[in-house]
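Chemist: Handing you this structure, nothing more for now.
Each value in this text was obtained by applying a stated rule to the coordinates, not by laboratory testing. Here the structure is a predicted model, which is why all the values come from computation and not from measurement. Cβ atoms come from the backbone with ideal geometry, glycine included; neighbour counts cover every protein chain shown.
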Amino acid sequence: MTTGVVLFSHGSLLCGSEQALIEHSARLREFGVADIVEPGFLNYNNPTFPVGVARAIEQGADTIVVAPYFLAPGKFVTYDLPKAIAATQGLYPTVRFIVADPLGFDERLANAVVQSAQNASSRDCWRIDLHTAPAYCRYEAACPLFGGKYCSGGSEPIVITGPEPSVIPPVGSEALLVMVHGSPRGNANEAALRIAELLRAQALFSCVEVGFMECNEPDIPMAIQTCVQSGANTITAVPYFLHTGTHVADDLPTLLETAAIKYPDVLFRLGRFLGFSQALTDILRDRITAVLPSSAPY
């Protein structure tokens, strides 16, 4: 029996957004979790989930462990993934599929948030993902950069050089703002809220608040207001996101810029999204090995 792993993710429209999952796949192969590890996206990015499965099977896998690269067991994990597996199973009826747990709650995510906060950058670098996206240009109209100044036009990949990240130390009372997308499924937000509780217990910040982009309260402006009212003169924001996309690359910086105008006496800092954190690779490894058949290597 040969076991392969497919990392399942939603995908994002922004060029280059698939790179985090590709890097996690490479790390897991290096760790020896399985000889065969492939990414597979539900939407927007390549390879698609069926292609990721096909690649694993072409390399000899007769058992596929599907690892959901999601922070919460929302619709994509509980509804779309079973549909994708059922459709793919029809093409490979002799292949066994095993589904691992999503990332969910894990204390290591709190460490990833802290690390992002410690390396937070100045306002000039908040849109660094827009500068690096052209290196992965797909020249597809769906990309939010298509046809604009950051689009390479389908030519040889280029990188539009942005400012070097400038890490600025916090001044005085520092609040931590964890920026979460949000889900209409209440239990899907539980992990992020528990991470915030862990961070409060660490007492590294004078205030820790969660702000949601959509579906839930408090929204990000409300959470910022709470941080300011707590007396913080520095607010460090960390995107609790796995992929770069329009939200991470543009929407969240815009919210912080608006807040900086409203609160001119507060220093705002922005950390990178969690996607490339080593902690995520470690959690994926544990989720996968928890369901690996006993004969699989590890």
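Chemist: What is the extension gain from H131 to I261, computed as 0.36 nm multiplied by their sequence separation minus the C-alpha to C-alpha distance, in nm to one decimal?
Modeler: 44.4 nm
Chemist: Compute the FRET efficiency between Q89 and D251 as 1/(1 + (r/R0)^6), taking r as their Cβ-Cβ distance and R0 = 51 Å, and round to the nearest 0.05.
Modeler: Given R0 = 51 Å and the Cβ-Cβ separation, E is 0.90.
Chemist: Around P184, under 10 Å between beta carbons, what's the net of Lys plus Arg minus Asp minus Glu among the other residues?
Modeler: Local net charge: +1.
Chemist: At a 10 Å Cβ-Cβ cut-off, how would you order F49, F268, fewest neighbours first?
Modeler: F268, F49
Chemist: Looking at the square roots a ≥ b ≥ c of the eigenvalues of the Cα gyration tensor of segment 179-298, which shape do they give, rounded for a/c under 1.5, prolate if a/b is larger than b/c, or oblate?
Modeler: Here segment 179-298 falls in the prolate category.
Chemist: Sticking with this structure for a sec: Amide H of V37 versus every other amide H placed in the peptide plane: which residues, excluding those fewer than 5 positions away on the same chain, fall under 5 Å?
Modeler: Amide H neighbours of V37, under 5 Å, 5+ apart: V5.
Chemist: For A120, enumerate residues with amide H under 5 Å from its amide H, sequence gap 5+ or separate chain, H modeled in the peptide plane.
Modeler: So A120 has HN proximity to no qualifying residue.
Chemist: Can you tell which of A87, A72, A249 shows the greatest fluctuation in a Gaussian network model of the chain with Cα springs below 10 Å?
Modeler: Taking springs between Cα atoms under 10 Å, the residue moving most is A87.
Chemist: For segment 1-132, what does the convex hull of the Cα positions come to per residue, in cubic angstrom?
Modeler: 124 Å³
Chemist: Where Lys and Arg each count +1 and Asp and Glu each count -1, what net charge lies around G4 among other residues with Cβ under 12 Å from its Cβ?
Modeler: Result for the neighbourhood of G4: -1.
Chemist: Got a sec to turn the phi values of segment 28-39 into Karplus ³J(HN,Hα) couplings, 6.51 cos²θ - 1.76 cosθ + 1.60 with θ = phi - 60°, whole Hz, x for Gly and Pro?
Modeler: Those phi angles translate into 5, 5, 5, 5, x, 4, 7, 5, 10, 9, 10, x Hz.
Chemist: Let me ask you something else. Calculate the all-directions average of the projected area of the chain's alpha-carbon convex hull, and give it in nm². Numbers along the way, then the final one.
Modeler: Working: hull surface 63.5 nm².
Average projection, Cα convex hull of the chain: 15.9 nm².
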